[in-house]
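The values are calculated or read from the model by the stated rules, or taken from the named source; none is laboratory data. Being a predicted model, the structure only gives us computed values, none of them experimental. Please note: Cβ atoms are built from the backbone with ideal geometry, for glycine as well, and neighbour counts cover all protein chains shown.
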Amino acid sequence: MEKARNELENGKKHFDPAEKAFISTLCFLEEGKVKDALAMAREAVEKGLPFERFLAEPHAMLSPLWKNQEFVEWKKERNPSLLLHGPMIGQVTDSSASFWFRTDGACEMAVEISGHSGRRKVISKKENRFVAVLQIDGLLPGTYFSYQVFINGEPYSDPSREFGFRTFPSPTEGAKFTIAFGGCSGFVPENEAIWEVIAGHDPRAMLMLGDNVYIDDPENVEVTGDYCYSRRHSRPEWKKLIGKTSMHAIYDDHDFGMDDCVPGSLVDHPAWKKKALQNFARNWNNPEMGGGEQNPGCWQSFALGKVEVFMLDCRYYRDLSTQSMLGPAQKTWLKNKLKASPATFKIIASSVPFAPGIKPGSQDPWDGYPEEREEIFSFIEKEKIEGVLLLAADRHRIDLRKIKRPKGYDFYELVSGRLTNKHVHPVIKTEGLIWGYNQSCGFCLLQVDTRNTSPFIILEAYDFSGVLLMEEKVLARDLQFK
């Protein structure tokens, strides 16, 4: 609770009256003052906090409130849905999709998909903090499906949201689609509208590239982490995005450990590593991550038509003494996947930028690991791997750079930081800078078209309100060896 009290006293971090009232409620509960906590909870709801926040996380701190008879009566009056968070679409392929839910207690969650026989069911259980993931297979590629959610057999509806998604094209199919991405999305209530703006572009996938919720409390991640995730998952703007777009996430320092953390190369040390990863995994609907029990992590890949995306874990094994950000298992995985990929475009998504000089004097981006960066780039050139495009976040601005390579094609890197953050980083004018922007929050899109003999991706940057700021067309032939 010390962290909660510090945040409560820090007006710069928690200026939102409803969120301040929620934290005050937690403080009163910690002190055993349930009546005061209930009064503060009512005040929070009056100020706009969704009532469901008091039914979600952190469970251990909120549970005394649930036993209070006056709260029980208030809950009956409010009659909230048993579905607290979600559905979140994820793990979409050309033939399947998964649905993530968090519920108020154990529930039977079910989904029916239009044109697909049967109703698939899953039970949310206490041992997984009432989070459940349901997978549906046997879908047609590149097809739009509407879906209906059921809770304990009863249909769930929300007129403000679209319950539908589109499966990915098959890996051999030329297609046109949009991928959205960004990072640095701390909780800033007046900036949460950006999720609805992104949703309006109908991206087939959304890549969350780290610093997604800002936990910064690895020793108490099961409390602070779940609080931070519940805060985001309860936002109506966020729900409009995640219910229709395949969500894919990696963490960075503020989601995994602390600012600029270098936790070392060991799997089990520090002891908080695995708990931080478990908390992260429970709150997202990611494809299979990492390398199993022996080599845990959040790295992952997926194919979207003729585009393959490789998302990196830049924190779990980061070790300056070994000069490795990825660790040997992940690096081997990346090389093998890149070499084997038949995709026209191969997107490497890192939580921190590759380009030199983007954070002068810091070892936190890839500048701190120049040998490993060069090893990866040289491998791409040695193996003649074409179509590589770099994406990153971490910097609170948007940058487009070109990394010059004397023995191969130049690498484009598009950095999309500051989805919602208030804190701003200056644009650093380095060699290779094509364009930079930091005047408002923003996001980036990749407009992919692989339908003809000259495939391309248009790199687009947008400001907070959705105004197009920059576009750069990259042809597949620009990313080939001469």
Exercise. Are any residues in the stretch 99-131 in contact with a helix residue (DSSP H, G or I) (Cβ under 6 Å, 6 or more places away or on another chain) and either surrounded by fewer than 16 Cβ atoms within 10 Å (Cβ to Cβ) or in a loop (DSSP other than H, G, I, E, B) (or both), and if so, which ones?
Worked result: 104
Exercise. Within the stretch 370-381, is there a residue that is under 24 Å from residue 461 (Cα atoms) and in contact with a Ser or Thr (Cβ under 9 Å, 6 or more places away or on another chain)?
Worked result: no
Exercise. Within the stretch 126-146, which residues are without any contact (Cβ under 8 Å) to a residue 60 or more places away in the chain and closer than 15 Å to residue 83 by Cβ?
Worked result: 130, 132, 134
Problem set entry | Check on residue 37, in contact with a Pro (Cβ under 9 Å, 6 or more places away or on another chain) and over 25 Å from residue 127 (Cα atoms) | yes
Problem set entry | residue 204 vs. criteria modelled with pLDDT of 95 or more and farther than 30 Å from residue 340 by Cβ | no
Problem set entry | Residue satisfying all of: in the stretch 347-406; among the small types (Gly, Ala, Ser) and under 19 Å from residue 261 (Cβ atoms); farthest from the chain's Cα centre (by Cα) among these | 361
Exercise. Looking at the stretch 269-282, is at least one residue within 22 Å of residue 181 (Cα to Cα), touching a residue at least 60 places away in the same chain (Cβ under 8 Å) and hydrophobic (A, V, I, L, M, F, W, C)?
Worked result: no
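Inside the stretch 404-431, can you point out the residues that are more than 27 Å from residue 254 (Cα to Cα) and either acidic (Asp, Glu) or not in a loop (DSSP other than H, G, I, E, B) (or both)?
Listed by number, the residues that qualify are 410, 411, 431.
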Exercise. Within the set of pairs 6+ apart or on separate chains, which have a first residue in the stretch 105-124 that is in the same structural domain as residue 56 (by TED's automatic domain parsing), a second that is of a type in the set (Asp, Glu), and C-beta atoms under 8 Å apart?
Worked result: none
Seminar exercise, completed: In the set 177, 187, the lone residue that is under 18 Å from residue 457 (Cα atoms), in contact (Cβ under 8 Å) with a residue 40 or more places away in the chain and either touching a helix residue (DSSP H, G or I) at 6+ places or on another chain (Cβ under 6 Å) or aromatic (Phe, Trp, Tyr) (or both) is 177
Exercise. Which one is farthest from residue 209 (Cα to Cα) among residues in the stretch 385-403 that are part of a loop (DSSP other than H, G, I, E, B) and aliphatic (A, V, I, L, M)?
Worked result: 385
For this session: Within the stretch 194-219, track down each residue that is surrounded by fewer than 17 Cβ atoms within 10 Å (Cβ to Cβ) and small (Gly, Ala, Ser).
Result: 200
Problem set entry | Residue among 457, 380, 385 that is among the β-branched types (Val, Ile, Thr) and surrounded by fewer than 19 Cβ atoms within 10 Å (Cβ to Cβ) | 385
Exercise. Quick one: residue 13 ticks every box in (1) at pLDDT below 95; (2) more than 18 Å from residue 232 (Cβ to Cβ); (3) within 23 Å of the chain's Cα centre (by Cα) bar one, so which box is it?
Worked result: (2)
For this session: Show the residue pairs that are 6+ apart or on different chains and have beta-carbon atoms under 6 Å apart, the first residue being within the stretch 469-482 and farther than 15 Å from residue 385 by Cβ, the second being of a type in the set (D, E, K, R) and surrounded by 15 or more Cβ atoms within 10 Å (Cβ to Cβ).
Result: 469/463; 471/460
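Which residue is farthest from residue 21 (Cα to Cα), if the candidates are limited to the stretch 46-66 and must be without any contact (Cβ under 8 Å) to a residue 24 or more places away in the chain and not polar (S, T, N, Q)? Break it down stepwise before answering.
Restricting attention to the stretch 46-66, the residues satisfying the condition of being without any contact (Cβ under 8 Å) to a residue 24 or more places away in the chain are 46, 63, 66.
From what is left, the residues that are not polar (S, T, N, Q) are 46, 66.
Numbers: 46: 10, 66: 17 Å.
If we take residues in the stretch 46-66 being without any contact (Cβ under 8 Å) to a residue 24 or more places away in the chain and not polar (S, T, N, Q), then 66 is farthest from residue 21 (Cα to Cα).
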Seminar exercise, completed: Selection over the stretch 84-123 where residues are in contact with a Leu (Cβ under 9 Å, 6 or more places away or on another chain) and among the small types (Gly, Ala, Ser) yields a count of 7
For this session: For the stretch 145-193, enumerate the residues that are of a type in the set (D, E, K, R), under 20 Å from residue 97 (Cα atoms) and crowded, with 17+ Cβ neighbours inside 10 Å.
Result: 166
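Among the residues of the stretch 251-274, write down those that are under 25 Å from residue 359 (Cβ atoms) and among the hydrophobic types (A, V, I, L, M, F, W, C).
Once the filter is applied, which keeps residues that are under 25 Å from residue 359 (Cβ atoms) and among the hydrophobic types (A, V, I, L, M, F, W, C), the stretch 251-274 yields 256, 258, 261, 262.
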For this session: Return the total of residues in the stretch 269-286 being in a loop (DSSP other than H, G, I, E, B) and either touching a Lys or Arg at 6+ places or on another chain (Cβ under 7 Å) or surrounded by 16 or more Cβ atoms within 10 Å (Cβ to Cβ) (or both).
Result: 4
Exercise. Among the residues of the stretch 57-98 satisfying the criterion of being among the polar types (S, T, N, Q) and closer than 20 Å to residue 133 by Cα, which is surrounded by the most Cβ atoms within 10 Å (Cβ to Cβ)?
Worked result: 98
